[in-house]
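Trainee: Please read through the structure below; I'll follow up with questions.
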Amino acid sequence: MKKRSILFAACLSAAMGLSAQSQMKAPKGGKAISDQLIGIFFEDISSSADGGLYAELVQNGSFEYSPTEKDGWGPGTAWRLARPGHSLGYITPSMERPLNAMNPTYMRLHTERAKEYYDYKGWTGFGIQNDGFDGISVKAGEKYDFSAFFRNIGNDKKVRVALGIPQGWGRDPQLLADASFTVSSKDWKKYEVTLTPAEDCKNAVLLILVLDKGDLDVDMVSLMPQDTFKGHGLRKDLAQALADLHPKFMRFPGGCVVHGGGDGFWDTYRWKTTIGPKEQRRGLKNTWGYHQSMGLGYHEYFQFCEDLNMEPLPILPCGVSCQGTNGGWGMKDQAQDVVPMSEMDEWVNEALDLIEWANGDPKTSKWAKIRADNGHPAPFNLKYLGLGNEERISPEFIERFKYIYERVTKAHPEIIIVGTAGPGSHPGNPDLDNGWKLAEEIGMPIIDEHYYEPRDYFLNKRQYDNYPRDRKTKVYLGEYAAKDKKLIDALAEGLYLLHVEKNGDVVCMTSYAPLFAKKNATNWNPDLIYFDNERTYPTCSYYVQQMFGLSSGQYYYGDCVDIKEATNLQGQSVVLNVKERKLYVKVCNASADKKVADVNLGRFSLKKMAKKTTLIGEPAQENNYEAQPIAPKSETFKPKKNFQLELEPYSFVMLEYQL
């Protein structure tokens, strides 16, 4: 345990940006804090992945949708027959001799009548049409890569793939782009073409048309923009919105998604089925009531962390079901489903193999070779690993958590383990108490606390002021948000984060949740970023998170700003980033009264120009799909070491100085 403690202390010091050199550069009076405070938490909720961050434009391209996932769903969901020119035929879902066992369902197209020619004025051919996720949004001149696996039955088949603009019932779509090829292979083979639309369209459709009689099998249909974030398959505007938060880490894939919600262990997220070639990944029922294709899987999560210079924080299940199982949420005597202890080695290996996959050498590691074969021979340098998500801290959970924890830390003492404090991390909650007892007993490095509360909680609570300073276990506030998305809620969260920053020696990481929500597919409110197929809609809370992400540092100074006649509706923080030689002064006024703050920066050497960023508005305002009236505004100014700062009602101000 002593070796483990030393290694953890070294890792956490590195994560907090602390070194003898940096401490020497900081003026006196500062307190060392974590510079990893602001991260992001991605969970596939409210269609955040398929139809969202994952840039794939085809819905149900693997034909694996099922009534198990949603009533009325099946292999043909999101597809419809296409029979221009009065072509005839029918389609049949099948699982006979599939492409692979992970995605066994495919579609057989039986064409009975189709002309052997086509022109741009008259469509012909029999096939299927996909409308995407509430339409397929395409831009003129942009390139879109189509691919699908086909298997021919009998005579060769000419296939036409096209993008079109719907023209209403009974009318053929207007052509945007098309390409054709001949399918002759009697075995499954991947065919690829590139489509370039002639004009913009918000609700395009994709058509696959067979121009010859007979049977043809199709599976794993894809339409992917060539222009994705850093070329790695993520939708550019959504990924850029996350990049602009300047997050230090990303927690994934959940949330309740981790252990399958209340559906049982068959629906537990298993990372090994989300890597490798897309056609070999196993789709899964999503906890929030839809299908996960796993096109956005562990490889893409880790790659995105690398692209944004974030630390990956994967969360793994640990043999205990979600607290929502067996009767719902909040039942005092609610039973948990648990994996028998005789089967727990499988779940231990889930963690050990993940570390090998992320950090191992492809020459010596089976799992690292899979990573390399998928295009990333260099290690991902995993440092953090989460075990469990919000499970009740029951005796059964404790037994299984210890079993995994002891074996992982023994095999990999360099990995920093993040545990869980259960659902609802409030004083007096038995799960919080039991979680902390377990953390202190085993020397857990970081414990994950969660709470969603009305804005008054964040305006008034300052519990981390009272946390013991001698605890070896640090806090990760992994899920939190005020329960509305008005400006006053964002300011309440801002005040609370100022409190967290003050206690950055106790709290080492935070992440707002949920991160994304799609219009007309929202499972939870509020969320940080709303979106549709065309745009992103950042909330007021997004901009507060952004200012904190921009202003990370290694030292906190609590005596530089004095707000006159301050109440709990005002707060301040001064943070020094010794790595970037920057100083940040953040002040929040969540009241209806103008306030004045005396600012003394005499201990710092300030350069000639500085920047002031202000978020301000009416308390009940919010950003939505119709209007985005609130966003930060920035201006430059000549800095002074001693001055008075006027704080307008309902405002958050950040001053940025170069040292």
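Trainee: Which one is surrounded by the fewest Cβ atoms within 10 Å (Cβ to Cβ), of the residues in the stretch 541-587 that are under 29 Å from the mean Cα position of the chain (by Cα) and assigned to a loop (DSSP other than H, G, I, E, B)?
Mentor: Looking at the filtered set, the residue picked out is 580.
Trainee: Being on the phi < 0 side of the Ramachandran plot and open to solvent by less than 30 Å² (accessible area, probe 1.4 Å) is true for just one of 467, 384. Which residue is that?
Mentor: Details: 467 fails: open to solvent by less than 30 Å² (accessible area, probe 1.4 Å).
None of the other options fit; the residue is 384.
Trainee: For the stretch 588-619, which residues satisfy the criterion of being open to solvent by 70 Å² or more (accessible area, probe 1.4 Å) and not charged (D, E, K, R)?
Mentor: First pass over the stretch 588-619, keeping only residues open to solvent by 70 Å² or more (accessible area, probe 1.4 Å): 593-594, 600, 603, 605, 607-609, 611, 616, 618.
Answer for the stretch 588-619, where residues must be open to solvent by 70 Å² or more (accessible area, probe 1.4 Å) and not charged (D, E, K, R): 600, 605, 609, 616.
Trainee: A follow-up question, please. Just to verify a result, which residue in the stretch 633-648, among those that are part of a loop (DSSP other than H, G, I, E, B) and open to solvent by 40 Å² or more (accessible area, probe 1.4 Å), is nearest to residue 560 (Cα to Cα)? Please lay out each step first, then the result.
Mentor: The first filter runs over the stretch 633-648 and keeps only residues part of a loop (DSSP other than H, G, I, E, B), leaving 638-641, 648.
Remaining after also requiring open to solvent by 40 Å² or more (accessible area, probe 1.4 Å): 638, 640-641, 648.
Working: 638: 18, 640: 13, 641: 10, 648: 19 Å.
The selected residue is 641.
Trainee: Read through the list (1) under 21 Å from residue 259 (Cα atoms); (2) among the charged types (D, E, K, R); (3) open to solvent by less than 70 Å² (accessible area, probe 1.4 Å), then give the number of the only condition that residue 371 fails.
Mentor: Result: residue 371 passes all but (1).
Trainee: Among the residues of the stretch 191-248, how many are open to solvent by less than 30 Å² (accessible area, probe 1.4 Å) and farther than 20 Å from residue 58 by Cα?
Mentor: Within the stretch 191-248, the first condition is being open to solvent by less than 30 Å² (accessible area, probe 1.4 Å), and the residues that meet it are 191, 193, 195, 197, 201, 204-211, 214, 216-219, 221-223, 225, 228-229, 233-234, 238-239, 241-243, 245, 247.
Among the residues that remain, those that are also farther than 20 Å from residue 58 by Cα are: 211, 214, 241-243, 245, 247.
Counting residues in the stretch 191-248 that are open to solvent by less than 30 Å² (accessible area, probe 1.4 Å) and farther than 20 Å from residue 58 by Cα gives 7.
Trainee: If you don't mind, there's one more thing I want to ask. State all residues of the stretch 341-368 that are surrounded by 16 or more Cβ atoms within 10 Å (Cβ to Cβ) and part of a loop (DSSP other than H, G, I, E, B); if no residue qualifies, say none.
Mentor: First, pick out the residues of the stretch 341-368 that are surrounded by 16 or more Cβ atoms within 10 Å (Cβ to Cβ): 344, 347-348, 350-360, 362, 365, 367-368.
Within the stretch 341-368, 360, 362, 365 qualify.
Here's the yes/no breakdown for (1) touching a helix residue (DSSP H, G or I) at 6+ places or on another chain (Cβ under 9 Å); (2) modelled with pLDDT of 95 or more:
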{"position": "297", "(1), (2)": "yes, yes"}
{"position": "302", "(1), (2)": "yes, yes"}
{"position": "314", "(1), (2)": "yes, yes"}
{"position": "322", "(1), (2)": "yes, no"}
{"position": "326", "(1), (2)": "no, no"}
{"position": "360", "(1), (2)": "yes, yes"}
{"position": "363", "(1), (2)": "yes, yes"}
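Trainee: Taking the stretch 79-91 as the search range and keeping residues that are assigned to a strand (DSSP E or B) and over 16 Å from residue 221 (Cβ atoms), which one is modelled with the lowest pLDDT?
Mentor: 88
Trainee: For a quick check of your reading: which helices (runs of 4 or more DSSP H) sit entirely within the stretch 411-528 and have at least 1 residues that are of a type in the set (Gly, Ala, Ser)?
Mentor: On the way: elements: 430-442, 455-460, 487-502.
Per the criteria, 430-442, 487-502.
Trainee: Report every pair of residues separated by at least 6 positions or lying on different chains whose Cβ atoms are under 8 Å apart, first residue within the stretch 464-480 and touching a residue at least 60 places away in the same chain (Cβ under 8 Å), second open to solvent by 60 Å² or more (accessible area, probe 1.4 Å).
Mentor: 472/440
Trainee: Please go through the stretch 476-496 and give me each residue that is farther than 17 Å from residue 249 by Cα and either open to solvent by less than 10 Å² (accessible area, probe 1.4 Å) or not charged (D, E, K, R) (or both), ordered by number. Quick ask: steps written out before the conclusion?
Mentor: Keep residues of the stretch 476-496 that are farther than 17 Å from residue 249 by Cα, which gives 481-496.
Correct list: 481, 482, 487, 488, 489, 490, 491, 492, 493, 494, 495, 496.
Trainee: Still on this structure, please answer the following. Among the numbered criteria (1) in contact with a Lys or Arg (Cβ under 7 Å, 6 or more places away or on another chain); (2) without any contact (Cβ under 8 Å) to a residue 60 or more places away in the chain; (3) on the phi > 0 side of the Ramachandran plot, which single criterion is violated by residue 442?
Mentor: Answer for residue 442: the failing condition is (3).
The values are calculated or read from the model by the stated rules, or taken from the named source; none is laboratory data. Just so you know, these numbers come straight off a predicted model, no measurement behind them. Backbone-built Cβ (ideal geometry, glycine too); neighbour counts: all protein chains shown. Each accessible area value is taken on the protein alone, full model and side chains, heavy atoms only, with ligands, DNA and RNA left out. Shrake-Rupley method; radii C 1.70, N 1.55, O 1.52, S 1.80 Å.
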